[in-house]
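Chemist: Okay, handing you the structure first.
The values are calculated or read from the model by the stated rules, or taken from the named source; none is laboratory data. Owing to the predicted nature of the structure, the values given are computational and were not obtained by experimental measurement. Cβ atoms come from the backbone with ideal geometry, glycine included; neighbour counts cover every protein chain shown.
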Amino acid sequence: MKTIAARMLDQLKIVYELRAYEVDESELDAITVARKVNMPPEATFKTLVARGDRSGVVMACIPGDAELDLKKMAAVTGSKRLELVAVKEIQSLTGYIRGGVSPLGSKKRYPLFLDQSALKHEKISVSAGQRGLQMILAPEDLRRATEATLVSITKSNE
């Protein structure tokens, strides 16, 4: 069965691949998911939901092996302060549960900020909107489908 996110890509005539994997409640992290779908962690993107004092709710799509830089994210959204939304709030805001948040097809369309490192990869993996299912697609296709803003929003390792 196709998810809302997959049907949206179909409507836009965007080529993608669905990859299913075994879900383990104790292993919802992106690095584990990357291994299960045979993708590098830096090309497996997780979608985080945040709220800024000025921007309201926004979404960030960053590599699975990276950490969101809240200061950078606040700056690109025009907020002074920004924090991740509590796990218990994610479903009411997006329609998705933790471990299955897709950058596409949430209940309400929130601004999406895609880490520019996505463009280093021919294909990236993002959640298809449910735990156990990833979509593999070209980063530019994801950016186009979501109208994402390309930004640098991860903490650097220096």
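Chemist: Can you pull out the strands (runs of 3 or more DSSP E) entirely within segment 53-144 that have at least 1 residues that are out of contact with any Phe, Trp or Tyr (no Cβ under 6 Å at 6 or more places or on another chain) and under 22 Å from Asn38 (Cα atoms)?
Modeler: 56-63, 112-115, 124-130, 133-137
Chemist: Might you check whether a residue that is part of a helix (DSSP H, G or I), basic (Lys, Arg) and closer than 18 Å to Thr146 by Cβ occurs anywhere in segment 17-36?
Modeler: Checked against the condition, which is being part of a helix (DSSP H, G or I), basic (Lys, Arg) and closer than 18 Å to Thr146 by Cβ, segment 17-36 yields no hits at all.
Chemist: Does Ala74 meet the test of being of a type in the set (A, V, I, L, M, F, W, C), crowded, with 19+ Cβ neighbours inside 10 Å and modelled with pLDDT of 95 or more?
Modeler: Considered against the rule, which asks whether it is of a type in the set (A, V, I, L, M, F, W, C), crowded, with 19+ Cβ neighbours inside 10 Å and modelled with pLDDT of 95 or more, Ala74 comes out as yes.
Chemist: Six or more apart or on different chains, Cβ atoms under 9 Å: show the pairs whose first residue is in segment 5-16 and in contact (Cβ under 8 Å) with a residue 24 or more places away in the chain and closer than 12 Å to Ile136 by Cβ and whose second is surrounded by fewer than 17 Cβ atoms within 10 Å (Cβ to Cβ) and of a type in the set (A, V, I, L, M, F, W, C).
Modeler: Close Cβ pairs (under 9 Å, with a partner that is surrounded by fewer than 17 Cβ atoms within 10 Å (Cβ to Cβ) and of a type in the set (A, V, I, L, M, F, W, C)) amount to Ala6/Leu18; Leu9/Val15.
Chemist: Of all residues in segment 120-133, which are more than 11 Å from the chain's Cα centre (by Cα) and either at pLDDT below 95 or not charged (D, E, K, R) (or both)?
Modeler: Listed by number, the residues that qualify are His121, Gln130, Arg131, Gly132, Leu133.
Chemist: Regarding segment 39-52, can at least one residue be identified that is in contact with a strand residue (DSSP E or B) (Cβ under 8 Å, 6 or more places away or on another chain), over 24 Å from Ile136 (Cα atoms) and assigned to a loop (DSSP other than H, G, I, E, B)?
Modeler: no
Chemist: Spot the failing condition for Lys123; the list is (1) of a type in the set (D, E, K, R); (2) touching a strand residue (DSSP E or B) at 6+ places or on another chain (Cβ under 6 Å); (3) in contact (Cβ under 8 Å) with a residue 60 or more places away in the chain; (4) more than 25 Å from Asp24 (Cβ to Cβ), and only one is missed.
Modeler: (4)
Chemist: Turning to a different aspect of this structure: Just checking, how many residues over segment 12-30 are surrounded by 12 or more Cβ atoms within 10 Å (Cβ to Cβ) and among the small types (Gly, Ala, Ser)?
Modeler: Residues in segment 12-30 being surrounded by 12 or more Cβ atoms within 10 Å (Cβ to Cβ) and among the small types (Gly, Ala, Ser): 2 in total.
Chemist: In this structure, is Arg98 crowded, with 18+ Cβ neighbours inside 10 Å and either touching a Leu at 6+ places or on another chain (Cβ under 6 Å) or at pLDDT below 95 (or both)? Break it down into steps so the answer makes sense when it comes.
Modeler: Values: crowded, with 18+ Cβ neighbours inside 10 Å: no; either touching a Leu at 6+ places or on another chain (Cβ under 6 Å) or at pLDDT below 95 (or both): yes.
When the stated conditions are applied, Arg98 does not pass them.
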